[in-house]
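*Asks:* Dumping the structure here so I can ask a few things about it.
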Amino acid sequence: MSDTSNPIEALAAHHDSPGEPFYPKFATSPKLIKEAKKLVALYPEGKAQSAVLPIIHLVQKQFGFISDESQQWIAEMCKSSVIHVAGVVSFYPGIHRKCPGKNHVRVCRTLSCALGGGEEMFALLCDKMGIDTKSMSDDEPVGISADGIWSIEAVECLANCGFGPNVMVNDKLYSQVGEAKIDEIIAAHSN
Amino acid sequence: MSTTSTILPKDEAAAQGELNVQINGTWHRFAPGTRIADACNTVGAHVPCFCYHPKLAIAGSCRMCLVEQGMPPRLAPGQEPSYDAQGYQPLQWMPRAIIACANTVSENMGIRTTGNITAEARRGVLEFLLSNHPLDCPICDQAGECKLQEYSSDYGSGTSRFQEEKTKKGKNIDLGPRVNLDQERCVLCHRCVRFMRDIVGEEVLGAVGRGSNCAISCYPGLKLDSNYSLNTVDLCPVGALTSKDFRFKMRVWFLKSTPSIDVNCGTGSNISIWSREQEIYRLTPRQNDQVNSCWMPDSHRLNYKYINAEERILNPTVRTDIGAPQRESTWDACLKLSAEQLQKCEASKTAIIVSARMTNEELYLVRALAKQLGIKEIASVSRKGKSDGMLISADGNPNTTGEQMIIAEKATALEGICSGIKSGRITALLALGEDITAEAGLSADNIKNLDYLLTLAHSKNGTTELADVTLPGVTFAEKYGTMINVTGRIQRLNQAIEPIGNSRDDWSILRDLIILLGSEDEKLAALKSARDLVTIMADEFAAMAGLTWGSIGNDGKAIISTGVTIPLIEREQASK
């Protein structure tokens, strides 16, 4: 973060992403509101703020990422403040502020997967999916391919340490991923 | 020693609803629910805190208040507790420190605020806090009243082992119209977040990011623009939040703080006036749990610029002839002339407009002046507004209760005086501490009907422009005096600076005028200070019986029951 950029404006800034055409633009619907209200109802009266995290997951699943508008809406649904929601969103790296690709790949980089060659798999996956590894940094943990089909992110643990390296594509877990398996994975999700 | 026959200290304490706690080797008693940090601080064992504030919810995030804690051993089934010679159970000390702010005292608890465990814990916490701190103390406004600076000096290691690059965060961020934020100086105590959320009820501040990138922020489009925003600057233990009004104006160690009260409304929030030589640099709230807790509104806090403004009247001015220009005079000449002129005015055609912004002592002398001149018509200008539901009272005058006690029983309605001036029934007027062209409902043309207008004012205004005699008084920061707030609490104003220019303390102007008009009151003639008037008034007013300047104290005394309450204090007491 440089001295000149305004860290406050950055909280609501929109980050363009080639993945955007693959996800609907955030908009509330009676169905979404109903689902959110169901999540709020899980918590005791007056504790609506507890539903911030589940609703963030709900929004991220449907719209790919958490936009400025969705932060405002989540705050409204949870009778919380938008700065509280922004605090939660900015706390977890798994919550995206930028739209990922059509297929989102998570590669474990923690101990046992790293020892099993996870790091090499990460580089290889980037190469095959056409993602520039240089575009990723601590501030931009998600890399997205130019066509928006793929995005990749290093994660801390996929809870399958005995069978590393582990890779997760969308919600599907692949274990013991080697060079050969990468081509299979890419082929399986290419359509 | 077996103490079965004598009363144990725990039973003795329990009978009084208290608990025995050993602090640094000495046993003390505290009420149940007392926080360990408070308990330690009340017996002189200082516990350093960043995030803990007695008026805010507990965060327990800074870890600065780590202390060593011991408890009696847990008994095996059937085992009898053992007691030492004094009747206390032996203490077993925990191997790790606990935080003193989020934990409360319990029976036979031991606390150590000194020793290796706490010293090492404090040193460690400070090392972490300073690792990403910019260390820009030479240009930081908080320097001199910064907790991080103080604790680093008291408990820090003196050297740094941190060789890595410091995290860069936002500098000089415009959080709101009155507050600036430096995210790098922040220790993330969340006091500002909790204050805005819990006390003001506007959740505009929050913490974003994680780990060393965590920072206080507000959301784009939302500003920290509450009328109580500057309290976050007071709360900030470091130089992260700074007041745009005060920043870079003066190093705090050059400032003198004088305890006084806010005179912008009937609440009379307790304040400190920070001055250097003849200039006021800032006002800050002073804790008084019966009046303003620890807070004050920004609008009142920043209303001090008029004290050192160009508009101040530095010399008495007189108009020697009708239509002649006003010219500056000396006090002796001016007071003598005023006395002569006032004696010529017919008492039945003369009225006084006083101000409920004056102190009790001044109002008392106004009453004496009216008596001396035989004037029957006295009125004051009321300032009824709306309470903000926090600290700003619906009464815009700071001393309405005092004015009612001293003047109002004899006072006529202001409307009567105004219509009298318009109709020509009243030909002479004394406007004391009040600009009658502003809120009294008189126009400049109405005032020109008057044959004689004498005014007492600290700054130039519509009335002083038209007055035949202007006696320059002083502002609240330049005088001693007492006022009674809306709840009936008498509170003291203290003099922070000497009267500006040749202006004089209002009470002495009034007193001299009374003497020149022929009063032979020896007590008045002997007065040295407005403070002595409290004792004189105490003989006359039942509500003030027995009061002296000293006995009022810095916290004031409730003397009248008005039934009026302060909303914020109500809420605070209800939540206890």
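The values are calculated or read from the model by the stated rules, or taken from the named source; none is laboratory data. Source: prediction; values computed, not measured. Glycine also receives a Cβ, built like all others from the backbone with ideal geometry; neighbour counts cover every protein chain displayed.
*Asks:* Would you mind listing the helices (runs of 4 or more DSSP H) fully within segment A:1-117 where at least 2 residues are closer than 30 Å to residue B:174 by Cα and away from every other protein chain (no Cβ under 11 Å)? Show your work before the answer.
*Replies:* Details: elements: A:7-10, A:30-40, A:52-63, A:68-77, A:82-91, A:111-115.
It comes to A:52-63, A:68-77.
*Asks:* Return only the number of the condition from (1) part of a helix (DSSP H, G or I); (2) closer than 18 Å to residue B:406 by Cβ that residue B:569 does not satisfy.
*Replies:* All conditions are met except number (2).
*Asks:* Six or more apart or on different chains, Cβ under 6 Å: which pairs go from a residue in segment A:20-31 that's touching a residue at least 12 places away in the same chain (Cβ under 8 Å) and under 22 Å from residue A:144 (Cβ atoms) to one that's charged (D, E, K, R) and surrounded by 11 or more Cβ atoms within 10 Å (Cβ to Cβ)? Could you list them?
*Replies:* Cβ pairs passing all conditions: A:22/A:102; A:26/A:69.
A quick yes/no check of all residues on (1) assigned to a loop (DSSP other than H, G, I, E, B); (2) touching a residue at least 24 places away in the same chain (Cβ under 8 Å); (3) more than 8 Å from chain A (Cβ to nearest Cβ):
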position: B:163; (1), (2), (3): yes, no, yes
position: B:168; (1), (2), (3): yes, no, no
position: B:177; (1), (2), (3): yes, yes, yes
position: B:192; (1), (2), (3): no, yes, yes
position: B:203; (1), (2), (3): yes, no, no
position: B:225; (1), (2), (3): yes, yes, yes
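*Asks:* Identify all residues within segment B:287-342 that are more than 13 Å from the chain's Cα centre (by Cα) and aliphatic (A, V, I, L, M); write none if there are none.
*Replies:* Selection gives B:307, B:309, B:313, B:314, B:318, B:322, B:324, B:333, B:335, B:337, B:339, B:342.
*Asks:* Restricting to segment B:192-238, name every residue that is touching a strand residue (DSSP E or B) at 6+ places or on another chain (Cβ under 7 Å) and of a type in the set (Val, Ile, Thr).
*Replies:* Residues satisfying the conditions are B:193, B:204, B:208, B:216, B:232, B:233.
*Asks:* What pairs can you find where one residue is in segment B:441-459 and free of Cβ contacts under 8 Å to residues at least 60 places away in the same chain, the other is charged (D, E, K, R), and their Cβ atoms are less than 6 Å apart, with a gap of 6+ or different chains?
*Replies:* Partner pairs satisfying both residue conditions: B:446/B:422; B:453/B:468.
*Asks:* Just checking, which of B:437, B:412 is hydroxyl-bearing (Ser, Thr, Tyr), assigned to a loop (DSSP other than H, G, I, E, B) and surrounded by fewer than 17 Cβ atoms within 10 Å (Cβ to Cβ)? Talk me through it step by step, then tell me what you get.
*Replies:* On the way: B:437 fails: surrounded by fewer than 17 Cβ atoms within 10 Å (Cβ to Cβ).
Checking each option against the conditions leaves just B:412.
*Asks:* For segment B:295-346, what are the residues that are among the aliphatic types (A, V, I, L, M), loosely packed, with under 14 Cβ neighbours inside 10 Å and part of a helix (DSSP H, G or I)? Spell out the reasoning first.
*Replies:* As a first pass, look at segment B:295-346 and keep what is among the aliphatic types (A, V, I, L, M): B:296, B:302, B:307, B:309, B:313-314, B:318, B:322, B:324, B:333, B:335, B:337, B:339, B:342.
Filter again for loosely packed, with under 14 Cβ neighbours inside 10 Å, leaving B:309, B:314, B:322, B:324, B:333.
Within segment B:295-346, just B:333 meets the criteria.
*Asks:* Can you pull out the residues in segment A:118-144 that are closer than 29 Å to residue B:212 by Cα and in a loop (DSSP other than H, G, I, E, B)?
*Replies:* Scanning segment A:118-144 gives A:131, A:132, A:136, A:137, A:138, A:139, A:140, A:141.
*Asks:* Sticking with this one: Condition check: in a helix (DSSP H, G or I) and under 29 Å from the mean Cα position of the chain (by Cα). Does residue B:148 satisfy that? Step through it out loud before you land on a result.
*Replies:* Details: in a helix (DSSP H, G or I): yes; under 29 Å from the mean Cα position of the chain (by Cα): yes.
Criteria met by residue B:148.
*Asks:* Here's something else I'd like to know. Which residues, counting only those in segment A:84-128, are hydrophobic (A, V, I, L, M, F, W, C), over 19 Å from residue A:165 (Cα atoms) and without any contact (Cβ under 8 Å) to a residue 40 or more places away in the chain?
*Replies:* Restricting attention to segment A:84-128, the residues satisfying the condition of being hydrophobic (A, V, I, L, M, F, W, C) are A:85-86, A:88-89, A:91, A:95, A:99, A:105, A:107-108, A:111, A:113-115, A:121-126.
Keeping just the survivors that are over 19 Å from residue A:165 (Cα atoms) gives A:85-86, A:88-89, A:91, A:95, A:99.
Hits for segment A:84-128 are A:85, A:88, A:89, A:91, A:95.
*Asks:* Right, here's the next one. Could we say that residue B:510 is part of a strand (DSSP E or B), touching a Leu at 6+ places or on another chain (Cβ under 8 Å) and within 28 Å of residue B:421 (Cβ to Cβ) here?
*Replies:* Numbers: part of a strand (DSSP E or B): no; touching a Leu at 6+ places or on another chain (Cβ under 8 Å): yes; within 28 Å of residue B:421 (Cβ to Cβ): yes.
The answer is no for residue B:510.
*Asks:* Looking at B:198, B:234, which is the one that is surrounded by fewer than 22 Cβ atoms within 10 Å (Cβ to Cβ), touching a Cys at 6+ places or on another chain (Cβ under 9 Å) and either in a helix (DSSP H, G or I) or within 14 Å of chain A (Cβ to nearest Cβ) (or both)? Reasoning before the result, please.
*Replies:* Numbers: B:198 fails: touching a Cys at 6+ places or on another chain (Cβ under 9 Å).
Result: B:234 is the single residue among B:198, B:234 that is surrounded by fewer than 22 Cβ atoms within 10 Å (Cβ to Cβ), touching a Cys at 6+ places or on another chain (Cβ under 9 Å) and either in a helix (DSSP H, G or I) or within 14 Å of chain A (Cβ to nearest Cβ) (or both).
*Asks:* What number of residues within segment B:341-352 are β-branched (Val, Ile, Thr) and touching a Gly at 6+ places or on another chain (Cβ under 9 Å)?
*Replies:* Of segment B:341-352, the ones β-branched (Val, Ile, Thr) are B:350, B:352.
Remaining after also requiring touching a Gly at 6+ places or on another chain (Cβ under 9 Å): B:350.
Within segment B:341-352, residues that are β-branched (Val, Ile, Thr) and touching a Gly at 6+ places or on another chain (Cβ under 9 Å) number 1.
*Asks:* Could you say whether any residue in segment B:332-341 is modelled with pLDDT under 95 and in contact with a Phe, Trp or Tyr (Cβ under 8 Å, 6 or more places away or on another chain)?
*Replies:* Checked against the condition, which is being modelled with pLDDT under 95 and in contact with a Phe, Trp or Tyr (Cβ under 8 Å, 6 or more places away or on another chain), segment B:332-341 yields at least one hit.
*Asks:* Count, please, the residues in segment B:486-506 that happen to be touching a residue at least 40 places away in the same chain (Cβ under 8 Å), within 30 Å of residue B:350 (Cα to Cα) and touching a Pro at 6+ places or on another chain (Cβ under 8 Å).
*Replies:* Of the residues in segment B:486-506, the ones touching a residue at least 40 places away in the same chain (Cβ under 8 Å) are B:486-498, B:500-504, B:506.
Subsequent filtering for residues that are within 30 Å of residue B:350 (Cα to Cα) retains B:502-504, B:506.
Still in the running and touching a Pro at 6+ places or on another chain (Cβ under 8 Å): B:502-504.
Here the count works out to 3.
*Asks:* Also, quick follow-up: Kindly indicate whether residue B:482 is touching a Lys or Arg at 6+ places or on another chain (Cβ under 8 Å), closer than 20 Å to residue B:366 by Cβ and in a strand (DSSP E or B).
*Replies:* Judged against the criteria, residue B:482 is a match.
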